[in-house]
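Engineer: Pasting a structure here, questions to come.
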Amino acid sequence: MIPTAATFRLLLVAIAMSGLTACAAPADPRPLYTAPALAVDKMATLVPVGLVIGDIDGARLPAPGFLAKQEPLTLSAGDHQVTVYFTDGWRRVPLTLRGGRTYDLSMSTYGVRLFDRSTKSAVTFR
């Protein structure tokens, strides 16, 4: 029996679909980051500026490799570990944030820069 064009197309679709399922990435086991439901004075706003954030305190962000489009992230005040992509790979950066403040997180010549909009002061992490 000679295969028809329709049979050939079905075979190609089946091969393509089997390849897609074999190449699918495994599910990310990390929990999804959710913003805290706290009073404004107990939260800090982190505005990423032109850098890629992988996770916050080990929790993944909704978009893989969150490319900062200056979309603010809300975190509880206090100490946090934020994973940021550098040219040589991912690094964890320790941040201490105060409640009721907004911070810009950006790359600088020397590392990651955390700028406090309230005090107009900055800290750089290498």
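Here, each number is a calculation from the coordinates, and none is a lab measurement. Predicted model only: the values in this text are computed from it and were never measured. When we count neighbours, we look across all protein chains shown, and the Cβ atoms used for this are built from the backbone with ideal geometry, even at glycine.
Engineer: Of all chymotrypsin sites (Phe, Trp or Tyr not before Pro) in the stretch 24-126, which ones are in loop regions per DSSP and have a Cβ with at most 14 other Cβ atoms within 10 Å?
Structural biologist: TYR110
Engineer: Taking a label point 7 Å from the Cα of SER76 along the Cα→Cβ vector, which residues of the stretch 84-114 have an amide N closer than 15 Å to it?
Structural biologist: Label zone hits: 96-100.
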